[in-house]
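First up is the structure itself, then whatever we jot down about it.
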Amino acid sequence: MASKPGILTDWPWKPLGNFKFVIITPWVVHSMYTLTTKEGGDPVNYLVLPFIVMRMVHNQIWISVSRYRTAKGNNRIVDRGLEFDQVDRETNWDDQILFTAILFYIGYMVFPFASKLPWWNTKGVIMTAILHAGPVEFIYYWFHRALHHHFLYTRYHSHHHSSIVTQPITSVTHPFAEHLAYFTLFAIPMMTTLITRTSSIAALYGYIVYIDFMNNVGHCNFEFFPKILFSVFPPLKYFSYTPAFHSLHHTKFRTNYSLFMPIYDYIYGTVDTSTETTYETCLKKPMEVADVVHLTHLTTLHSIYQLRLGVASLASNPQTSKWYLHLMWPFTFCSMLITTCLHARAFLLETNNFQNLNLQSWVIPRFKIQYFLRWQSGTLNNLIEEAIMEAELGGAKVISLGLLNQKEELNAHGEVYIRKYPKLKIKIVDGSSLAAAIVLNSIPKGTNQVLLRGNFNKVSFAIANALCRRNIQVALLHKEELKMLQQRVTKSKGRFTLSPINTPKIWIVGDGWDEDEQMSASKGSLFIPFSHFPPKKFRKDCYFHFTPAMTAPPKFMNLHSCENWLPRRVLSAWRIAGIVHALEGWNVHECGYTILSIKKVWQASLFHGFQPLKIPHSP
């Protein structure tokens with residue numbers, strides 16, 4: 001939002017929220033109906049809907065590529081991170097696509113000469129190019145300079161310039177009033193060719209594609225224009241900007257005003273003096289080396305959309321099921337085949353910076369369900385092993401195993417890799433110590449009994465052992481569980497007991513328990529997970545804590561997506577454990593059945609600014 005929002009700041013359909021596209025339903029239905037008539041419909045009319053979809057896909061590809069390239073670091077222009085406020089500000093990037101579609105539909109109805117256009121007309125294409133390079137670029141240049149006047153800047157254009165670090169969708173993040181002015185400007189070539197009867201479908205739709213493409217180029221925040229282009233054809237610098245050229249406008253504000261063609265900046269002396277050096281520096285910038293790697297994997301089939309590289313608005317919020325994602329099942333299915341069949345190695349998801357450490361998250365391209373298929377075990381272990389060796393060769397200090405990448409049945413919490421490569425320099429961390437510490441410190445003070453449910457694992461044994469030392473009784477429902485704990489936990493005499501299901505008020509739950517047992521819990525019970533995955537919530541009169549996690553410190557940079565189902569700026573215990581391990585310089589592995597000092601790990605996490613989460617209120 002601009003610092004002093006002017007009139008026509010908000011889009012007219014803002015109150016409709018995610019249902020804004022219902023506005024064009026009548027036109028869409030009519031255009032589809034015309035296809036059933038004898039005439040077969042007019043391409044100018046019925047292509048609007050697929051054009052909307054194409055533009056969205058085009059922009060989404062740019063978003064994903066830009067986020068991936070900036071995470072790698074090579075050729076990155078601005079070395080600052082994105083934050084959630086910018087992501088929220090730019091979530092309405094599809095408004096301008098809807099706006100264009102409405103204007104196309106209205107124009108088709110109002111202007112008779114807009115119908116029955118040929119697919120191609122050379123004169124119209126050339127005229128469109130000339131009119132864009134001339135009037136459009138010239139008027140935009142001076143209009144843009146006017147927008148930087150204090151009066152217009154504070155009321156409108158400051159909204160766009162709130163994003164110092166740009167991403168492709170930053171290009172269309174403007175108040176509604178600005179978009180009205182821009183489309184009026186872009187209508188000059190389109191209306192001229194229509195009136196002169198030289199227009200065509202290629203010129204009309206192709207011009208919008210060109211605008212989209214160049215907008216994305218200028219705001220992608222990584223430089224990719226090869227230097228040889230300007231060496232072979234030096235005048236190109238006057239007719240096409242580069243990502244570095246426009247990025248300087250967002251960091252310097254008073255230079256590089258041109259739309260797509262810098263010629264008017266050169267004519268009027270507003271080219272930034274550092275344009276060429278910035279461009280060359282970015283081309284030479286190498287890929288960043290990770291100090292800490294967190295290795296995670298895909299969860300549900302829809303999680304591909306909720307990754308940082310996926311849909312920005314989904315990635316910036318905790319992972320939940322969305323009804324409209326089910327409508328995208330063909331693309332989801334194809335993505336699943338691509339990730340599981342063609343993508344044979346972990347890929348980079350995210351880069352963060354904290355206390356001079358470069359932190360990266362890598363994703364094993366496999367879904368949760370595949371970790372429970374025996375015939376996938378060999379493939380999964382190979383993928384994890386290759387990721388560990390890649391991180392080792394890259395110079396990383398620590399790699400933390402997230403979610404099921406540390407599954408006991410798969411690799412004994414990572415111990416198989418230590419056995420196979422005893423001289424590994426990189427430290428493998430499974431985060432069990434911190435996960436146990438978070439659960440223990442989530443138990444309300446004064447608690448004298450807890451109920452332990454779920455499959456026993458390394459974390460649950462550590463929790464049970466610590467509870468016994470604190471003289472807190474651990475209740476169980478079955479004799480077999482009682483016997484197992486007594487065998488595995490030392491100094492447990494008298495601290496384990498069988499209990500009715502409705503007696504304890506504090507439940508420590510993991511994977512594999514019957515979640516229907518919630519219905520037998522007493523009212524107001526607190527469920528604290530020690531597993532990677534959250535339990536389903538069947539009770540509205542009970543409290544459910546998050547899976548082991550902590551809030552990131554304010555200085556934890558470039559955090560603009562949620563880690564699976566966790567809230568904003570919250571990191572899982574397993575991810576934090578690797579970071580703390582590197583910060584403290586601990587020269588040991590935490591894998592297999594090794595448990596570090598729970599107290600020491602907890603205090604180190606607090607020392608570095610990670611904070612425990614408050615127990616959420618009951619729904």
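The values are calculated or read from the model by the stated rules, or taken from the named source; none is laboratory data. Bear in mind the structure is a predicted one, so any value in this text is a computation, not a measurement. Methodologically, a virtual Cβ is constructed for each residue, glycine included, from the backbone with ideal geometry; neighbour enumeration extends over all protein chains shown. With ligands, DNA and RNA removed, areas are computed over all heavy atoms of the protein, side chains included. Shrake-Rupley method; radii C 1.70, N 1.55, O 1.52, S 1.80 Å.
Loop-only trypsin sites (Lys or Arg not before Pro) in segment 32-127, please: DSSP not H, G, I, E or B, and at most 14 other Cβ atoms within 10 Å. Show your work: numbers first, answer last.
On the way: sites: Lys38, Arg55, Arg67, Arg69, Lys72, Arg76, Arg80, Arg89, Lys116, Lys123; in loops: Lys38, Arg80, Lys116.
Listed in order of number, the matching sites are Lys38, Arg80, Lys116.
When Lys and Arg each count +1 and Asp and Glu each count -1, what net charge do the other residues less than 11 Å away from His297, Cβ to Cβ, add up to? Don't skip to the answer; put the middle values down first.
Details: positive: Arg366, Lys368, Lys407; negative: none.
Result for the local shell: +3.
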| task | State the antiparallel share, in %, of DSSP beta bridges confined to the chain, rounding to the nearest 5. | result | 35
| message | I'd like the orientation of helix 479-488 relative to the chain: the angle between its Cα long axis and the longest Cα principal axis, in ° from 0 to 90, rounded to 10. | response | 90
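Which of the peptides 19-26, 574-581 is most tightly packed, and how do the rest follow, judged by the mean count of other Cβ atoms within 10 Å per residue?
Values: 19-26: 13.1, 574-581: 27.6.
The peptides rank, most packed first, as 574-581, 19-26.
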| query | List the chymotrypsin sites (Phe, Trp or Tyr not before Pro) in segment 244-330 that DSSP assigns to loop (not H, G, I, E or B) and whose Cβ has at most 16 other Cβ atoms within 10 Å. Which are they? | reply | Phe253, Tyr268
| Tilt relative to the chain, helix 573-584 - C-alpha long axis, 0 to 90 degrees, to 10 | 90
| message | Quick check for me: using +1 on Lys/Arg Cβ and -1 on Asp/Glu Cβ, what's the dipole size of segment 305-422 about its Cα centre, in debye to the nearest 20? | response | 240
| request: Calculate for the chain the 222 nm mean residue ellipticity that helices alone would give, adding -39,500 (n - 2.57) per DSSP H run of length 4 or more and normalising by residue count, nearest 500 deg cm²/dmol. | output: -12000 deg cm²/dmol
| task | For segment 1-80 and segment 432-498, write down the distance between their C-alpha centroids in whole Å. | result | 53
| query | For Lys423 and Asn448, what is the calculated FRET efficiency with R₀ set at 41 Å and r taken between the beta-carbons, to the nearest 0.05? | reply | 0.30
| task | Identify, among His174, Leu566, Asn457, the residue whose Cα sits farthest towards the positive end of the charge dipole of the chain, taking +1 on the Cβ of Lys and Arg and -1 on the Cβ of Asp and Glu, with the dipole about the Cα centre. | result | Asn457
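Round to a whole number: what % of the accessible area of the chain belongs to carbon and sulfur, probe 1.4 Å?
Details: 17640 of 27980 Å².
The nonpolar share, carbon plus sulfur, comes to 63 percent.
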| request: Measure up Lys322/Lys523; Lys420/Lys458; Lys397/Lys555; Lys72/Lys368; Lys537/Lys614 against 24 Å on the Cα-Cα distance and list the ones that go over. | output: Lys322/Lys523; Lys72/Lys368
| message | Just to confirm, what accessible area per residue do you get for the chain at 1.4 Å probe, in whole Å²? | response | 45
| said: Under 5 Å between amide hydrogens, which residues at least 5 positions from Asn75 or on another chain qualify, with H placed 1.01 Å from N in the peptide plane? | reply: Lys285
| said: To the nearest 20 Debye, how big is the dipole of segment 437-591 about its Cα centre, given +1 on the beta carbon of each Lys and Arg and -1 on that of each Asp and Glu? | reply: 480
| message | Can you order the peptides 544-550, 350-356 by their average number of other Cβ atoms within 10 Å per residue, highest first? | response | 544-550, 350-356
| request: Mind checking which of Phe222, Ile598, Trp513 is farthest towards the positive end of the chain's charge dipole, using Cβ charges of +1 (Lys, Arg) and -1 (Asp, Glu) about the Cα centre? | output: Ile598
| Roughly how many nanometres apart are two label points built 7 Å out from the Cα toward the Cβ at Thr122 and Cys334? | 3.5
| Electrostatic dipole magnitude of the chain [Cβ: Lys, Arg +1; Asp, Glu -1; Cα centre; debye, to 20] | 1660
| field | In degrees, nearest ten, helix 275-284 long axis to first principal axis of the chain (Cα) | value | 40
| message | Whole-Hz ³J(HN,Hα) for each residue in segment 557-563, computed from phi via Karplus 6.51 cos²θ - 1.76 cosθ + 1.60 with θ = phi - 60°, x for glycine and proline: what do you get? | response | 9, 6, 9, 9, 9, 8, 7
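Starting from segment 383-433, pick out the trypsin sites (Lys or Arg not before Pro) whose DSSP state is loop and whose Cβ has at most 12 other Cβ atoms within 10 Å. Let's see the in-between values first.
Working: sites: Lys397, Lys407, Arg419, Lys420, Lys423, Lys425, Lys427; in loops: Lys397, Lys407, Lys423, Lys425.
Within segment 383-433, the qualifying trypsin sites (Lys or Arg not before Pro) (loop, at most 12 other Cβ atoms within 10 Å) are Lys423, Lys425.
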| request: May I ask you to evaluate 6.51 cos²θ - 1.76 cosθ + 1.60, the Karplus curve with θ = phi - 60°, for each residue of segment 14-25 and list the ³J(HN,Hα) values in order in whole Hz, giving x for glycine and proline? | output: 3, x, 7, x, 6, 9, 4, 6, 5, 4, 8, 3
| said: Using only alpha-carbon positions, what ratio does the radius of gyration of segment 1-106 give when scaled by 2.2 N^0.38 Å? | reply: 1.41
| remark: Quick calc, Asn471 & Lys72: beta-carbon distance into FRET formula, R0 60 Å, rounding 0.05, result 0.70
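Stretch Thr277-Gln376 to full length: gain in nm at 0.36 nm per residue minus the Cα-Cα span?
30.6 nm
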| field | Of Pro234, Asn441, Gly73, farthest towards positive along the dipole that unit charges on Lys, Arg, Asp, Glu beta carbons give the chain | value | Asn441
| query | What nm distance separates the two modelled labels at His150 and Glu515, each placed 7 Å from Cα along Cα→Cβ? | reply | 5.8
| Based on the Cβ-Cβ distance of Val232 and Ile188, what FRET efficiency does E = 1/(1 + (r/R0)^6) give at R0 = 25 Å, to the nearest 0.05? | 0.20
| note | With Rh as the Kirkwood radius over Cα pairs, the chain has Rg/Rh of 1.04
